[in-house]
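The values are calculated or read from the model by the stated rules, or taken from the named source; none is laboratory data. Here the structure is a predicted model, which means the values were calculated and not measured. Don't worry about glycine lacking a Cβ; one is built from the backbone with ideal geometry, like all the others, and counts go over all protein chains shown.
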Amino acid sequence: MANESEILVPWSGRGSAYTEDEIAAVVAAMRDADPQSQGRYQSEFEQKFAAYIDCPHAFAVSSCTAALELAALLCSLQRGDEVIAPAHTFAATVIPFARTGATLRWADIDPDTRLVTAETLRRLVGPRTKVIVLVHLYGLVCDMDPIMALAREHQILVVEDVAQALGAKYKGRQAGSIGDFGCFSFHTHKNITTLGEGGMLALRSSEHAARVPGLRHNGMHGFAGGQPRYWVPAMSNVDFDIDGLWPYNFCIGEAQCALGSKMLERVATINLERKARAQRFIAAMADFPELAFQKTPAGCGHSWHLLAARFDGQRYGKSRDDLIAYMAFVAGIKAVVQYYPLYRYPMFQKAGFGEADCPETDRFFDNMVSFPFQQWMPEGQFDAMISLVRSALEQMRKGI
Ligand SMILES: Cc1ncc(COP(=O)(O)O)c(C=O)c1O
């Protein structure tokens, strides 16, 4: 049995490595940014990002969670309103919506894409449904056309959680630019990062956009009518953007924005590299149909953020836990499980969101395995992982 020190293929907390140009961009901003928050690097990052995803407005923030919090405020939810979301996601997808007092309703996932669909959402739509939160999980974009048609039919706002899917397209359009709000992450695990934390809120409505700077920065505004003397009556005004909804400080630093602008130039290349590797891994497992990877329907793009599969080892009397244990303690690969259905967590149960009718969410989580997939993994290590996973699957077939 291997122990932690004998792990050959680790699970990394770092998605990608920086180029020298990216490091230089941070150093330059460290030298010359004045101010070091909410300055020209932020404006440049926002403009480049909005152009990249082809969306009218983009606001840089401290995390995707912050972007989701702002989106939740802008949805103007009232107690008793309902928000439909998948339970197969990271908790940050829904916490901002729960905070408003709205009721969370859990939509099941499709067993092949592991994403919600118009059908799984439709079952939950009712007169109180105000918002649908979609997650392009693992990097695969949801089938947006039928979902948007459903939402428009019932006047429901659509929030896209694009934390894992920057650069993935749906029928030629960038994920995050199709719904009413797109929330992006530049957290350390993601395909690009802004020094470990960071996010972006993209939105289409100019009315919503006008409210974001104040909501993002403590309700700070210029005075109506301007100020002939800039210090009178004070340097800036403080007011609600949405009456009664208190603002936050979700600003991100200038050095992070300088890095974000630079890394954005590399998203397409990084995603292509990840795609080539994912496809190589999936092809190498083709003779093990008990490992079922995410299906990618025509038109639905993928950023290949994670490499997850369902292990259907029942016919060999083997479970996912047997496979992960073999990989961790014998083969030396640290695979993980992800996205414990949110309704199983104490926090959601205590809040009254412990009930769900999501058999596919349960089946997927209970049988899933996520392989190490950091972009910086050396080729030799990736090749070694392929042959070690194959031998682990052979052992499972032998009942070992
Ligand atoms: C699907 C999903 N949503 C939201 C988040 C939250 O992003 P952040 O860490 O930038 O707040 C993450 C990951 O970190 C995520 O994977």
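Would you confirm, using the coordinates I've provided, whether LEU203 is under 18 Å from ALA58 (Cα atoms) and touching a His at 6+ places or on another chain (Cβ under 6 Å)?
Working: under 18 Å from ALA58 (Cα atoms): yes; touching a His at 6+ places or on another chain (Cβ under 6 Å): yes.
For LEU203, the condition - under 18 Å from ALA58 (Cα atoms) and touching a His at 6+ places or on another chain (Cβ under 6 Å) - is met.
Identify all residues within the range 13-37 that are touching an Asp or Glu at 6+ places or on another chain (Cβ under 8 Å) and assigned to a loop (DSSP other than H, G, I, E, B); write none if there are none.
Looking only at the range 13-37, we keep the residues that are touching an Asp or Glu at 6+ places or on another chain (Cβ under 8 Å), and these are 29, 33, 35-37.
Scanning the range 13-37 gives ALA33, PRO35, GLN36.
Just to verify a result, which residue in the range 197-219, among those that are in contact with a Gly (Cβ under 9 Å, 6 or more places away or on another chain) and within 16 Å of the ligand (Cβ to nearest atom), is nearest to GLN256 (Cα to Cα)? Give the steps one after another, and end with the answer.
Looking only at the range 197-219, we keep the residues that are in contact with a Gly (Cβ under 9 Å, 6 or more places away or on another chain), and these are 198, 200-204.
Among the residues that remain, those that are also within 16 Å of the ligand (Cβ to nearest atom) are: 198, 200-202.
Details: GLY198: 8, MET200: 12, LEU201: 15, ALA202: 18 Å.
Looking at the filtered set, the residue picked out is GLY198.
So for the range 166-180 (the condition being touching a Pro at 6+ places or on another chain (Cβ under 8 Å) and free of Cβ contacts under 8 Å to residues at least 60 places away in the same chain), does at least one residue qualify? Explain how you work it out, then say what you get.
Keep residues of the range 166-180 that are touching a Pro at 6+ places or on another chain (Cβ under 8 Å), which gives none.
Scanning the range 166-180, I find no residue that is touching a Pro at 6+ places or on another chain (Cβ under 8 Å) and free of Cβ contacts under 8 Å to residues at least 60 places away in the same chain, so the answer is no.
I want to confirm something. Restricting to the range 84-114 and keeping residues that are in contact with a strand residue (DSSP E or B) (Cβ under 7 Å, 6 or more places away or on another chain) and farther than 19 Å from ARG344 by Cβ, which single residue is farthest from the ligand (Cβ to nearest atom)?
For the range 84-114, the residue satisfying everything is ALA102.
Just the residues that are under 22 Å from LEU393 (Cβ atoms) and either touching a residue at least 60 places away in the same chain (Cβ under 8 Å) or of a type in the set (Val, Ile, Thr) (or both), please, taken from the range 267-283.
ARG277, ALA278, ARG280, PHE281, ILE282
Conditions: (1) over 20 Å from the mean Cα position of the chain (by Cα); (2) over 30 Å from PHE59 (Cβ atoms). ASP243 meets all but one. Number of the miss?
(2)
Could you identify the single residue in GLU46, GLU119 that is buried (at least 20 other Cβ atoms within 10 Å of the Cβ), more than 16 Å from the ligand (Cβ to nearest atom) and either closer than 22 Å to LEU203 by Cα or in the same structural domain as VAL26 (by TED's automatic domain parsing) (or both)?
Details: GLU119 fails: buried (at least 20 other Cβ atoms within 10 Å of the Cβ).
So the residue among GLU46, GLU119 that is buried (at least 20 other Cβ atoms within 10 Å of the Cβ), more than 16 Å from the ligand (Cβ to nearest atom) and either closer than 22 Å to LEU203 by Cα or in the same structural domain as VAL26 (by TED's automatic domain parsing) (or both) is GLU46.
Can you work out which of the residues in the range 50-77 that are within 15 Å of the ligand (Cβ to nearest atom), surrounded by 24 or more Cβ atoms within 10 Å (Cβ to Cβ) and assigned to a helix (DSSP H, G or I) is nearest to the chain's Cα centre (by Cα)?
CYS64
Being in a loop (DSSP other than H, G, I, E, B) and either of a type in the set (Val, Ile, Thr) or more than 27 Å from LYS48 (Cβ to Cβ) (or both) is the filter here; which residues of the range 255-308 pass it?
Of all residues in the range 255-308, those in a loop (DSSP other than H, G, I, E, B) come to 265-266, 285-290, 294-299, 301, 303-306.
Once the filter is applied, which keeps residues that are in a loop (DSSP other than H, G, I, E, B) and either of a type in the set (Val, Ile, Thr) or more than 27 Å from LYS48 (Cβ to Cβ) (or both), the range 255-308 yields MET285, ALA286, ASP287, PHE288, PRO289, GLU290, GLN294, LYS295, THR296, PRO297, ALA298.
In the list PHE186, PHE181, which residue meets the criterion of being farther than 23 Å from ILE84 by Cα and among the aromatic types (Phe, Trp, Tyr)? Break it down into steps so the answer makes sense when it comes.
Working: PHE181 fails: farther than 23 Å from ILE84 by Cα.
Going through PHE186, PHE181 in turn, the sole match is PHE186.
Would you be able to tell me the number of residues in the range 208-258 that are closer than 20 Å to GLU69 by Cα, surrounded by fewer than 12 Cβ atoms within 10 Å (Cβ to Cβ) and of a type in the set (D, E, K, R)?
Of the residues in the range 208-258, 1 are closer than 20 Å to GLU69 by Cα, surrounded by fewer than 12 Cβ atoms within 10 Å (Cβ to Cβ) and of a type in the set (D, E, K, R).
Tally up the residues in the range 166-189 that are surrounded by 24 or more Cβ atoms within 10 Å (Cβ to Cβ) and near the ligand (Cβ under 9 Å from one of its atoms), please.
So the count comes out to 4.
Consider ALA151 carefully, then state whether it is among the aliphatic types (A, V, I, L, M), touching a strand residue (DSSP E or B) at 6+ places or on another chain (Cβ under 6 Å), assigned to a loop (DSSP other than H, G, I, E, B) and in the same structural domain as ILE95 (by TED's automatic domain parsing). Talk me through it step by step, then tell me what you get.
On the way: among the aliphatic types (A, V, I, L, M): yes; touching a strand residue (DSSP E or B) at 6+ places or on another chain (Cβ under 6 Å): yes; assigned to a loop (DSSP other than H, G, I, E, B): no; in the same structural domain as ILE95 (by TED's automatic domain parsing): yes.
Judged against the criteria, ALA151 is not a match.
Could you check how many residues of the range 374-399 are part of a helix (DSSP H, G or I) and aromatic (Phe, Trp, Tyr)?
Looking only at the range 374-399, we keep the residues that are part of a helix (DSSP H, G or I), and these are 379-397.
Next, from what is left, pick out any that are aromatic (Phe, Trp, Tyr): 382.
Selection size over the range 374-399: 1.
Considering the range 108-129 alone, what residues qualify as being hydrophobic (A, V, I, L, M, F, W, C) and farther than 11 Å from CYS142 by Cβ?
Once the filter is applied, which keeps residues that are hydrophobic (A, V, I, L, M, F, W, C) and farther than 11 Å from CYS142 by Cβ, the range 108-129 yields LEU124, VAL125.
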